[in-house]
1. Would you call Val183 closer than 21 Å to His147 by Cβ and of a type outside the set (Ser, Thr, Tyr)?
2. Can you pull out the residues in region 116-154 that are within 16 Å of ligand 2 (Cβ to nearest atom), over 17 Å from Ser252 (Cα atoms) and buried (at least 22 other Cβ atoms within 10 Å of the Cβ)?
3. Out of Thr276, Thr269, Thr291, Thr255, I need the residue that is away from ligand 1 (no atom under 16 Å from the Cβ) and either in contact (Cβ under 8 Å) with a residue 24 or more places away in the chain or within 22 Å of Asn226 (Cβ to Cβ) (or both). Which one?
4. Could you please give the count of residues in region 102-113 that are surrounded by fewer than 20 Cβ atoms within 10 Å (Cβ to Cβ) and not basic (Lys, Arg)?
5. Can we say Thr308 is touching a strand residue (DSSP E or B) at 6+ places or on another chain (Cβ under 8 Å) and among the β-branched types (Val, Ile, Thr)?
6. Of all the residues that make up region 68-98, how many are of a type in the set (Lys, Arg) and within 16 Å of ligand 2 (Cβ to nearest atom)?
7. Do we find a residue being within 16 Å of ligand 2 (Cβ to nearest atom) and either at pLDDT 90 or above or more than 26 Å from Lys266 (Cα to Cα) (or both) anywhere in region 314-332?
8. Check off (1) modelled with pLDDT of 95 or more; (2) touching a strand residue (DSSP E or B) at 6+ places or on another chain (Cβ under 9 Å); (3) exposed (fewer than 15 other Cβ atoms within 10 Å of the Cβ) for Asp73 and give me the number that stays unchecked.
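The values are calculated or read from the model by the stated rules, or taken from the named source; none is laboratory data. On a predicted model such as this, the values are computed, not experimentally measured, just so you know. Don't worry about glycine lacking a Cβ; one is built from the backbone with ideal geometry, like all the others, and counts go over all protein chains shown.
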Amino acid sequence: MKYVLIPTRNKGFDFTKVPYIREIVPSSVESNFYQSYPTIAKYLREYLDKFNDYEYALNETHPQAKILQQCGDQEFEIIFLGTGSSVPSKYRNVTGILLNLFDKGAILFDCGEGTLSQLYRACGKERAETILKNLKCIWISHLHADHHLGLAYLLEKRSKLTSEDVVIVGQGRIKEALSEYLVCSSDTKFNFDFIPMQTLEPERYCPEKILLDRVINPLGLKSFINVPVDHTCAEAYGIVITHQNGWKVVFSGDTRPCSRLIKAGKDCTVLIHEATFEASMIKDAISKKHTCSFEAIAVGEQMNAYRTILTHFSQRYCKFPIVDSQKTDYALRNVAVAHDLMRLNAKKLIPIPKVMQVLKHFWTIIEMDTQSYAFDFDETEDEEKK
Ligand SMILES: [Zn+2]
Ligand SMILES: [Zn+2]
């Protein structure tokens, strides 16, 4: 894509070289990637040939490993639509995480700007629109813009696909912002019901709580618990979802390591925890109320999380982040790093920490490839000057 200044009659973005979103299907993205990076393709094939999920799972003693082994292919998947913090970058969009239960529906944790486009990129048009229509809940962790700025656009698109209401669980000001948006854009429609975040705390009674049945029943959940966490703005929450089949997914939102979350998420299947900074930036982590990667890993270990997936990286680590304490026994066996458009089926949670070792090599190769292209380009320029 380029921006045209002159001739002025063509002024503006030129999309002619950008494939229309409908033409983008995951399989073509994959094959293009392999064509562009043949070394990685070879590496991946060799790795997959050697790796045996089943043998790996047999060595696992965590009770959740047994539950996952019994899961079918369509039990659940986690799709990372944005894994960076603050503002979008080339490789990491801002937060959006989809917990997809296939035919039963889905829950979206946070909806940063660009979340809808990322869903289309991750799933292709047809599947993305099926997920959107069948979306049961959008849960907003807190009021920082990188966690909800894509909400209005996603709701607008969804209302063109279905008239069924989606349940939004969020802060009162999210509802106000959506109402303001509708005042300014009279032809826009949103289909949603709203549950104020605090009303889901166990000790409070509120009539809106009944709306949660529209999420819990179709998805077959056992519980849906909001946990207040420790961040720079009021009403910041983490969430713990437990399914009737025994698996449990925890998302931290933005927070310092939080004992309430550790308690509520005990023995979970997956902890998705923010890891904004590396250890050397601990002062920033404390003042901005975020977590360093080594702290997030420690939270996972204390929680006895079967898998801990790190996300919400500062954009200074927009490729492979610096992960401290990655050599501890827990980190080697249980921890993985999220990337945009990463799709984790329940079954694939078993080998994911091993896959991370390979992914790290991928980034090194991509980095080297990019540098060699840059080098060639410089040489060409020099040649031209001569
Ligand atoms: Zn954030
Ligand atoms: Zn925040």
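1. When the stated conditions are applied, Val183 does not pass them.
2. Answer for region 116-154, where residues must be within 16 Å of ligand 2 (Cβ to nearest atom), over 17 Å from Ser252 (Cα atoms) and buried (at least 22 other Cβ atoms within 10 Å of the Cβ): Gly150, Leu151.
3. None of the other options fit; the residue is Thr269.
4. Residues that pass the stated criteria total 2.
5. yes
6. 1
7. yes
8. (1)
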